[in-house]
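S.K.: One structure follows; several queries about it will come next.
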Amino acid sequence: MNAPVKTLEERKTELQGMGDSRLRKEDARFIQGKGQYCDDIKLPGMLHMDIVRSPVAHGRIKKINKEPAMAIPGVHAVLTADDLKPLNLHWMPTLAGDVAAVLADEKVHFQMQEVAIVIADDRYIAADAVEAVEVEYEELPVVIDPYKALEPDAPVLREDLAGKTEGAHGPRDHHNHIFTWEAGDKSAADDAFAKAPVTVSQHMHYPRVHPCPLETCGCVASFDPVKGELTTWMTSQAPHVVRTVVSMLSGVPESKVRIISPDIGGGFGNKVGVYPGYVCAIVSSIVLGRPVKWSEDRIENISTTAFARDYHMDGHLAATEDGKILGLKVDVVADHGAFDACADPTKFPAGLFHICSGSYDIPTAHCSVKGVYTNKAPGGVAYRCSFRVTEAVYLIERMVDVLAQKLNMDKAEIRKKNFIRKEQFPYTSAFGFEYDSGDYHTALEKVLDAVDYKALRAEQEQKRNDPNCPTLMGIGLVTFTEVVGAGPSKICDILGVGMFDSCEIRIHPTGSAIARMGTITQGQGHQTTYAQIIASELGIPSEVIQVEEGDTSTAPYGLGTYGSRSTPVAGAAIAMAARKIHAKAKKIAAHLLEVAEADLDWEIDRFKVRGNEEQFKTMADIAWAAYNQPPEGLEPGLEAVHYYDPPNFTYPFGIYLCVVDIDKGTGESSIRRFYALDDCGTRINPMIIDGQIHGGLTEGFAVAMGQQMPFDEQGNLMGNTLMDYFLPTAVETPTWETDYTVTPSPHHPIGAKGVAESPHVGSIPTFNSAVVDAFAHLGVTHMDMPHTSYRVWKKLKEEGVQL
Amino acid sequence: MAKQIVKMNLNGQEIEQLVDSRTLLVHFLREQMNLTGAHIGCETSQCGVCTVDIDGESVKACTHLAVQCDGCEVKTVEGLAEGGVLHAVQEAFYEEHGLQCGYCTPGMLMTSYRLLQDNPNPTEDEIRIGLSGNLCRCTGYQNIVKAVKSAAVKLQQKESATA
């Protein structure tokens, strides 16, 4: 009996293509303990590296005595900067055009800086040897505050830059000054402020925080002295760029360097950079001719690998009396730590901070960012966000709230008044960004209706008037726009390599497929979602499409996964590679069906002859023919590679609303409700999108309510373990409500914009807006994060709030 | 370094191994027994990615010595599935999208497994409190909580089917 003919819908469903909440392909290994993370890798003869670190934040190294460590059985080597000097590897270039010490060269610049390495038979012996290395320091004055760092008589931190008045991003006017970067039109903005009837200003500090993925950084370096080949497994969000850097530093030809990012236990920006630990493990393997493993512990991870934020911002808005914004000015002092190791596109030392005009039609704007050296660890990465976009969104959303308060306007009303309207897209901002698409008014109304905003305001009013109410109620509202998917290579590069991304697809003779990508998943589910794009484009079931990433010897060159660029850039590369295959498949189908290409129509998984439903060839038929009987003049096989250089960024947006109840007695905040509407354009897998949003909101909750890296005057980091650094548990974490609208990107092949970072970027100012709103009737316009119970309790006392 | 003989039942198998007295259980499992499911995330008992089950209790293997397990029954994530059939908590985490990067997953599964042994029908609050020794940076816990609820139902159905 013939199998029943499947309906169009059945055929479509079987593909599990775009829009399907397909369960994740990667889960089978993770739920059985069969993931392969960096520290799981074990090679024959492998040695372990550990690092001797500085206890002081600023000091001169007087003496290093390796002997007691070398005397421990099982210790193979102890290396210091002096050992790396002949190889010229004691300093390395950073992504931001500066240099960073690999091992401290005569001076240490921050607490826990790398001073020496030990290599031993196992991690226990290596840890013993670290304790045994004797280092004498002469302590120097420490500078923690970036404003003090810029005082004329501030201690000189970077003696290696003495006399250097030109940095990678223009002139340096002080020994601790790195760069001053500006965007927008200062005179136009000044003019708008001079004429405006209303102006508001607010100073705010976005604290230094750490991305803190559960897996710390590490690598296994294995140099084969016979073949001259270097293979390194590494916790890297950008393995191809690392290969280029390693080749440049080591002199090993890039063709003999293989970087493999295996399974990664979360990245969130922490695993973009090249750290001294990686370089030292590679050098050790080359020197000793044996594999060397380095695994950071948590204290090392929080203390030394890339932090995020630490922006001291002054925002100013000029407006009419009825709340129409006329101008924006922002001045930032950015604490970059001891070396400028920010991970930004080369031409943007403050990343894409100039997205700080937000979702609003602001005619004039100017911003300036001044980078400063201090005695803290280097970094400045995008912690679950596009480059400095979190800081920018925080700034503008706070400022709009401050203006609303000054004018006694409702937060929603002032936003509606200033939104870029739907018909204004594509919209060019005063900073020059071309926003691709958006419909902010519709999205805002949807959220206000869903939560019954009017009723919430009425309840708040009633509670404010009730002296016996034990809580302060706050309503936070944020209407943010992100800029992601870096980016067009004419303006975006990393170390001179354009920020394109890539995909190679091969269709096998029996109709299954493999796709290899320049990105690398760290939990985003690429192995699931990328296959869905191909399934929809080519009519091959997702189930038989393998997705591989992270091995530089097999995958095409790509810039990696960070800044929400995987879907906007690599996702587009997939669609474009698939379309090349589709075009070839059509030629083969025409040949097999003996008709002209123009007579064929595509339908889900097959080409059919127009007007003759019975005559068709499925993609599986075509794949077989491609290896068996391709038309004359057409080369056999069915595969394609595409390098996608995006014409523009994408601009996902969202409307978030939060209701908080603050205990008047304890300062404890309880998140009663958090409603998150996201518009990420075309949705590939709604289940995964929701999961990404839950995670991003939780990370945003952590930043707003508890995360910070406080330093004392001596430069000691007060809290570098998970006993002190706040990662919320299931108990504190609120329940999230999600919603969406769909406004596709017009320039993206499938209309997708990227989503994983929006919830982090958007939620932080929302929590902040809610907490400040709880105090707004007392005249409070701003409170710096984090909103720990103690800090909120102090504010309650300061404002004289009685229980 | 003094070595000692340690005997234990590991995932149903009786084993006898020579270990350094200072070796942590998590390193013993990962490096000596090649069971890399239990991970290391904090070394201070905060994150729970190293959670295993010892004699019917959830234990963080990063702050437990291997020699303390002499004579114990130890179960790791690798021992959850039986006869090639996934345990209900494994199935539920997969179905409810209770994992993303997968790093916390083995610990979450072992804690959930123990939680449901001790309390077969937990409320949402009991689940959240029960999981509070395990951190996750990716999921925001919402789907993990759903997964534990779903696993509870699966286990009860299984029980009533065999009763």
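S.K.: Consider A:Ala77 carefully, then state whether it is touching a residue at least 60 places away in the same chain (Cβ under 8 Å) and surrounded by fewer than 21 Cβ atoms within 10 Å (Cβ to Cβ).
M.R.: Values: touching a residue at least 60 places away in the same chain (Cβ under 8 Å): yes; surrounded by fewer than 21 Cβ atoms within 10 Å (Cβ to Cβ): yes.
Yes.
S.K.: Further, regarding this structure: Could you grab me the full set of residues in region A:668-684 that are surrounded by 24 or more Cβ atoms within 10 Å (Cβ to Cβ) and either at pLDDT below 95 or assigned to a loop (DSSP other than H, G, I, E, B) (or both)?
M.R.: A:Cys680, A:Ile684
S.K.: Mind counting the residues in region A:250-305 that are under 19 Å from the mean Cα position of the chain (by Cα), among the aliphatic types (A, V, I, L, M) and away from chain B (no Cβ under 14 Å)?
M.R.: Residues flagged as under 19 Å from the mean Cα position of the chain (by Cα), among the aliphatic types (A, V, I, L, M) and away from chain B (no Cβ under 14 Å) within region A:250-305 amount to 2.
S.K.: Pull up region A:406-439, narrow it to residues that are touching a Lys or Arg at 6+ places or on another chain (Cβ under 7 Å) and assigned to a helix (DSSP H, G or I), then point me to the one that is surrounded by the fewest Cβ atoms within 10 Å (Cβ to Cβ).
M.R.: That would be A:Lys417.
S.K.: To continue, here is another question. Residues of region A:520-553 being assigned to a loop (DSSP other than H, G, I, E, B) and over 15 Å from A:Ala575 (Cα atoms), which ones?
M.R.: A:Ile520, A:Thr521, A:Gln522, A:Gly523, A:Gln524, A:Gly525, A:Pro541, A:Gly550, A:Thr552, A:Ser553
S.K.: Here's something else I'd like to know. Only one of (1) within 12 Å of chain A (Cβ to nearest Cβ); (2) surrounded by fewer than 22 Cβ atoms within 10 Å (Cβ to Cβ); (3) of a type outside the set (Asp, Glu); (4) under 13 Å from B:Asn11 (Cβ atoms) is not met by B:Ile54, so which one is it?
M.R.: (1)
S.K.: Additional query: Just to be sure, is B:Cys104 closer than 26 Å to A:Gly269 by Cβ, crowded, with 24+ Cβ neighbours inside 10 Å and touching a residue at least 40 places away in the same chain (Cβ under 8 Å)? First the steps, then the outcome.
M.R.: On the way: closer than 26 Å to A:Gly269 by Cβ: yes; crowded, with 24+ Cβ neighbours inside 10 Å: yes; touching a residue at least 40 places away in the same chain (Cβ under 8 Å): yes.
In short, yes.
S.K.: So A:Trp233 ticks every box in (1) within 14 Å of chain B (Cβ to nearest Cβ); (2) more than 30 Å from A:Arg398 (Cβ to Cβ); (3) not in a strand (DSSP E or B) but one. Which box is left unticked?
M.R.: (3)
S.K.: Could you please let me know if A:Asp340 is acidic (Asp, Glu) and surrounded by 23 or more Cβ atoms within 10 Å (Cβ to Cβ)?
M.R.: Considered against the rule, which asks whether it is acidic (Asp, Glu) and surrounded by 23 or more Cβ atoms within 10 Å (Cβ to Cβ), A:Asp340 comes out as yes.
S.K.: Against the conditions (1) assigned to a loop (DSSP other than H, G, I, E, B); (2) touching a Cys at 6+ places or on another chain (Cβ under 8 Å); (3) under 18 Å from A:Met18 (Cβ atoms), where does A:Met576 fall short? Just the number, please.
M.R.: Exception for A:Met576: condition (1).
S.K.: State which residue is farthest from the other protein chains (Cβ to nearest Cβ) when the search covers only region A:726-743 and only residues that are within 30 Å of B:Gly130 (Cα to Cα) and touching a strand residue (DSSP E or B) at 6+ places or on another chain (Cβ under 7 Å).
M.R.: From region A:726-743, those within 30 Å of B:Gly130 (Cα to Cα) are A:726-739; that's our starting set.
Filter once more, keeping what is touching a strand residue (DSSP E or B) at 6+ places or on another chain (Cβ under 7 Å): A:734, A:736-739.
Numbers: A:Pro734: 9, A:Trp736: 6, A:Glu737: 10, A:Thr738: 10, A:Asp739: 15 Å.
Ranking the qualifying residues of region A:726-743, first place goes to A:Asp739.
S.K.: I would also like to ask the following. May I ask you to say which residue of A:Gly45, A:Gly17, A:Gly35 is modelled with pLDDT of 95 or more, more than 14 Å from chain B (Cβ to nearest Cβ) and either buried (at least 19 other Cβ atoms within 10 Å of the Cβ) or under 16 Å from A:Glu136 (Cα atoms) (or both)? Walk me through how you get there before you give the answer.
M.R.: On the way: A:Gly45 fails: either buried (at least 19 other Cβ atoms within 10 Å of the Cβ) or under 16 Å from A:Glu136 (Cα atoms) (or both); A:Gly35 fails: more than 14 Å from chain B (Cβ to nearest Cβ).
Of the residues listed, the single one that is modelled with pLDDT of 95 or more, more than 14 Å from chain B (Cβ to nearest Cβ) and either buried (at least 19 other Cβ atoms within 10 Å of the Cβ) or under 16 Å from A:Glu136 (Cα atoms) (or both) is A:Gly17.
S.K.: Still on this structure, please answer the following. Among the candidates B:Arg137, B:Arg128, single out the residue that is facing another protein chain (nearest Cβ under 10 Å), assigned to a loop (DSSP other than H, G, I, E, B) and basic (Lys, Arg). Show your work before the answer.
M.R.: Numbers: B:Arg128 fails: assigned to a loop (DSSP other than H, G, I, E, B).
Going through B:Arg137, B:Arg128 in turn, the sole match is B:Arg137.
S.K.: Among the residues of region B:89-101, which ones are surrounded by fewer than 23 Cβ atoms within 10 Å (Cβ to Cβ) and part of a helix (DSSP H, G or I)?
M.R.: We begin by selecting, within region B:89-101, every residue surrounded by fewer than 23 Cβ atoms within 10 Å (Cβ to Cβ); these are B:91, B:94-96.
Hits for region B:89-101 are B:Glu91, B:Tyr94, B:Glu95.
S.K.: Ok, one more. Could you grab me the full set of residues in region A:494-517 that are of a type in the set (Lys, Arg) and under 17 Å from A:Thr618 (Cα atoms)? Outline the logic, then answer.
M.R.: Pass one, region A:494-517, residues of a type in the set (Lys, Arg): A:506, A:516.
Result: A:Arg506, single match.
S.K.: Moving on. Name the residue, out of A:Ala702, A:Ala730, A:Ala770, A:Ala756, that is out of contact with any helix residue (DSSP H, G or I) (no Cβ under 6 Å at 6 or more places or on another chain), among the aliphatic types (A, V, I, L, M) and under 30 Å from B:Ile40 (Cβ atoms). Break it down into steps so the answer makes sense when it comes.
M.R.: Values: A:Ala730 fails: out of contact with any helix residue (DSSP H, G or I) (no Cβ under 6 Å at 6 or more places or on another chain); A:Ala770 fails: under 30 Å from B:Ile40 (Cβ atoms); A:Ala756 fails: out of contact with any helix residue (DSSP H, G or I) (no Cβ under 6 Å at 6 or more places or on another chain).
Of the residues listed, the single one that is out of contact with any helix residue (DSSP H, G or I) (no Cβ under 6 Å at 6 or more places or on another chain), among the aliphatic types (A, V, I, L, M) and under 30 Å from B:Ile40 (Cβ atoms) is A:Ala702.
S.K.: Can you pull out every residue in region A:621-644 that is closer than 13 Å to A:Ile507 by Cβ and either small (Gly, Ala, Ser) or without any contact (Cβ under 8 Å) to a residue 12 or more places away in the chain (or both)?
M.R.: A:Ala623, A:Ala625, A:Ala626, A:Pro636, A:Gly637, A:Ala640
S.K.: Now a separate question. For region A:695-717, name all the residues that are outside any loop (DSSP other than H, G, I, E, B) and either at positive phi or small (Gly, Ala, Ser) (or both). Steps first, answer last, please.
M.R.: Kept after step one, since they are outside any loop (DSSP other than H, G, I, E, B), are these residues of region A:695-717: A:695-705, A:711, A:717.
Of everything in region A:695-717, those that are outside any loop (DSSP other than H, G, I, E, B) and either at positive phi or small (Gly, Ala, Ser) (or both) turn out to be A:Gly695, A:Gly696, A:Gly700, A:Ala702, A:Ala704.
S.K.: Taking region B:92-114 only, how many residues are within 16 Å of B:Leu155 (Cα to Cα) and within 8 Å of chain A (Cβ to nearest Cβ)?
M.R.: Of all residues in region B:92-114, those within 16 Å of B:Leu155 (Cα to Cα) come to B:92-96, B:109-114.
Filter once more, so that each one left must be within 8 Å of chain A (Cβ to nearest Cβ): B:93-95, B:109.
So the count comes out to 4.
S.K.: Going by the structure shown, is A:Ala100 in a strand (DSSP E or B) and within 19 Å of A:Asn375 (Cα to Cα)?
M.R.: Details: in a strand (DSSP E or B): yes; within 19 Å of A:Asn375 (Cα to Cα): yes.
When the stated conditions are applied, A:Ala100 passes them.
S.K.: I need a count of the residues in region B:11-48 that are farther than 23 Å from A:Leu43 by Cβ and of a type in the set (A, V, I, L, M).
M.R.: Residues meeting the conditions: 2.
S.K.: Give me the pairs, please: first residue somewhere in region B:30-57 and free of Cβ contacts under 8 Å to residues at least 12 places away in the same chain, second residue anywhere and in a strand (DSSP E or B), beta-carbon distance under 8 Å, and either six or more positions apart or on two chains.
M.R.: Qualifying pairs under 8 Å: B:Thr36/A:Tyr37.
S.K.: Select from region B:78-88 the residues that are in a helix (DSSP H, G or I) and of a type outside the set (A, V, I, L, M) and write down the one among them that is farthest from the other protein chains (Cβ to nearest Cβ). Outline the logic, then answer.
M.R.: If we filter region B:78-88 for residues that are in a helix (DSSP H, G or I), which is where we start, we get B:78-79, B:88.
Then keep just the ones that are of a type outside the set (A, V, I, L, M); that gives B:78-79.
Values: B:Glu78: 5, B:Gly79: 9 Å.
Checked region B:78-88; the qualifying residue farthest from the other protein chains (Cβ to nearest Cβ) is B:Gly79.
S.K.: So, in region A:714-725, exactly how many residues are surrounded by fewer than 21 Cβ atoms within 10 Å (Cβ to Cβ) and either facing chain B (nearest Cβ under 10 Å) or over 30 Å from A:Gly59 (Cα atoms) (or both)?
M.R.: 3
The values are calculated or read from the model by the stated rules, or taken from the named source; none is laboratory data. Keep in mind it's a predicted model, so treat the numbers as computed, not measured. Heads up, the Cβs are rebuilt from the backbone with ideal geometry, glycines too, and the neighbour counts pull from every protein chain shown.
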